[in-house]
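Reviewing the structure listed below.
The values are calculated or read from the model by the stated rules, or taken from the named source; none is laboratory data. If you're wondering where the values come from, they're calculated on a predicted model, not measured in any experiment. We place every Cβ from the backbone using ideal geometry, glycine too, and count neighbours over all the protein chains shown. Only protein heavy atoms, including side chains, enter the accessible area calculation; ligands, DNA and RNA are left aside. Shrake-Rupley method; radii C 1.70, N 1.55, O 1.52, S 1.80 Å.
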Amino acid sequence: MSLPPPPPDPTDEPAAPAGRWRTDVVTAALIIVVLEVVALPLGLLWGHLAPHPLYYPSGHQLNLVVGDAKPLVRADGLFLLITGVAGLVSGCTAFVVARRSDIGATIGLALGGLAAGWLAWHVGHAWTGGLQPLQLALKPDDTKAKLAADLGARVVVVSWGVAAVAMHGILYAVTWPAKPKPEPVPAAVGASWTDSQTGPVAEAS
């Protein structure tokens, strides 16, 4: 008489759906908060390093003193570099720290990265010196003044979130475990089992 199999170990059972979603929500919220905190000094760094071009009001528009858009292009490239590197580091850090909550980490990186990019641009634009466009527009014509650091193409504010999610997904794809192949049943074991089942029947006949 064979003994019944032992009961399954409760520690091996997967986490309940409610507990899993709670972990994902907490992980996403923590990542969003951390990214917003990091965005403050990075925004100030970009605002100080980005060019502050000279403008002058003329009628109802602002004109560059130099006459080209190179300062805006340099500001966009610098912002893309700073936030892109920050996104790559964020994705790597979330992969290492929050491996048990991949969904929550991905959501946190996506939402937090987009918000962090917007916050970094806003902080650098508002708190690093230079006049705001409206302030200069109210001054007399031909008054030359430096404007605050700004972006020529606002679409670059998404670079933080895109880089973070892309790096996080690449790391998971590279380290995802391969599906184990089923082990073949040895021929001797299969033959002995067949003989044990058919032997008594053959003798009885």
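Listed values, structure above:
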| item | result |
| --- | --- |
| Largest-first ordering by accessible area, 1.4 Å probe, given options ARG22, ARG154 | ARG22, ARG154 |
| List HIS122, HIS168, ordered by accessible area with a 1.4 Å probe, largest first | HIS122, HIS168 |
| Surface share of carbon and sulfur [accessible, 1.4 angstrom probe, percent] for the range 103-173 | 72 |
| Contour minus Cα-Cα distance for ILE170 and GLU36 (0.36 nm per residue) | 45.9 nm |
| Two-site label geometry, LYS146 and LEU111: point separation in nm, points 7 Å out along Cα→Cβ | 3.9 |
| Full-extension gain in nm, ARG99 to LEU54, via 0.36 nm per residue minus C-alpha separation | 11.4 nm |
| Phi to ³J(HN,Hα) by Karplus 6.51 cos²θ - 1.76 cosθ + 1.60 over the range 124-139, Hz, x for Gly, Pro | x, 6, 9, 10, 10, x, x, 7, 7, x, 5, 5, 6, 5, 7, 7 |
